[in-house]
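J.: Take a look at this one; I'll ask things after.
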Amino acid sequence: MRLGLLQCDHVTTELQPAHGDYPEQFKAVFERAGVIVEWQCFDATQGVLPDNIDCCDAYLTTGSRFGAYEPLPWLTALLEFLRQLYQANKPFVGICFGHQLMAEVLGGKVEKSAKGWGIGVSFNQIKQPKSWMQPFKPEVDLLVSHQDQVVELPDKTEILGGSQFCPNYIIQQGKWLGIQGHPEFTKAYCHDLLKLRSEKYSPERVREAEYSMAAPVDSERVIQWVAAFIQESIQNQ
């Protein structure tokens, strides 16, 4: 499987020696999940996008500190590329920021949530099981770091999973899948990220996030689902 990683940000310089940049994090979790991928990485923040959408079987986006609605030149170009992917019926998986980009491209709405930051582990229920969710589990718990949420769904988009805090946590429209959580994050990275960004959150919220990270997460399982989703989407082309 040839997977194109559209990189929408970089891990902060202070944390890269211990945790790598986003491409390294994605490659590591796919390896832990036992999913073999031939990677091509494109730094969208530098205006680097594929010349030919068929150079990869499917595309996946990283998270980002930016908002999906911001008028940034590189983001405008990326959104246009995603529209081309959708028109070509190309499989796409949006992670966190990419999940929000998916909603923007398809006609939904993203904004800063009145509920505040989602940090630590998010606990979600599957609302609509799918054939590619194997091995199946009715709960999906992932590490998160987000303030924005998809607040209005695009037409014909299904909600596959969510919680009271983030109802539109996993969404699907055809061969496009959006996941608000971060299967590529490790707990060690999130602990260090919390320390680095502690001024952004209330002390109570940090304590809740730290305690939540004692729970197991479904990172490798979700990557197996993502791989199965992409394979099923490719077979249906």
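J.: Quick test for you: out of Lys115, Lys130, Lys90, pick the one residue that is of a type outside the set (Asp, Glu), in contact with a strand residue (DSSP E or B) (Cβ under 9 Å, 6 or more places away or on another chain) and modelled with pLDDT under 95.
T.: It is Lys115.
J.: Go through the stretch 127-175 and give me each residue that's of a type in the set (A, V, I, L, M), over 19 Å from Glu208 (Cα atoms) and crowded, with 18+ Cβ neighbours inside 10 Å.
T.: Hits for the stretch 127-175 are Met133, Val150, Leu153, Leu160, Ile170, Ile171.
J.: A further question follows. Helices (runs of 4 or more DSSP H) wholly in the stretch 15-123 with at least 3 residues that are surrounded by fewer than 17 Cβ atoms within 10 Å (Cβ to Cβ) and either out of contact with any His (no Cβ under 9 Å at 6 or more places or on another chain) or not polar (S, T, N, Q) (or both) - which ones?
T.: Per the criteria, 22-32, 73-87.
J.: Moving on. In this structure, is Ala18 under 21 Å from Gly178 (Cα atoms) and of a type outside the set (Val, Ile, Thr)?
T.: For Ala18, the condition - under 21 Å from Gly178 (Cα atoms) and of a type outside the set (Val, Ile, Thr) - is not met.
J.: Count, please, the residues in the stretch 182-233 that happen to be surrounded by 16 or more Cβ atoms within 10 Å (Cβ to Cβ), in a loop (DSSP other than H, G, I, E, B) and not β-branched (Val, Ile, Thr).
T.: Looking only at that region, the number is 7.
J.: Let me ask another. Scan the stretch 125-172 for residues that are more than 15 Å from the chain's Cα centre (by Cα), in contact (Cβ under 8 Å) with a residue 40 or more places away in the chain and part of a strand (DSSP E or B) and report the count.
T.: Qualifying residue count for the region: 4.
The values are calculated or read from the model by the stated rules, or taken from the named source; none is laboratory data. As the structure is a computational prediction, the values presented were derived from the model and not from experiment. Methodologically, a virtual Cβ is constructed for each residue, glycine included, from the backbone with ideal geometry; neighbour enumeration extends over all protein chains shown.
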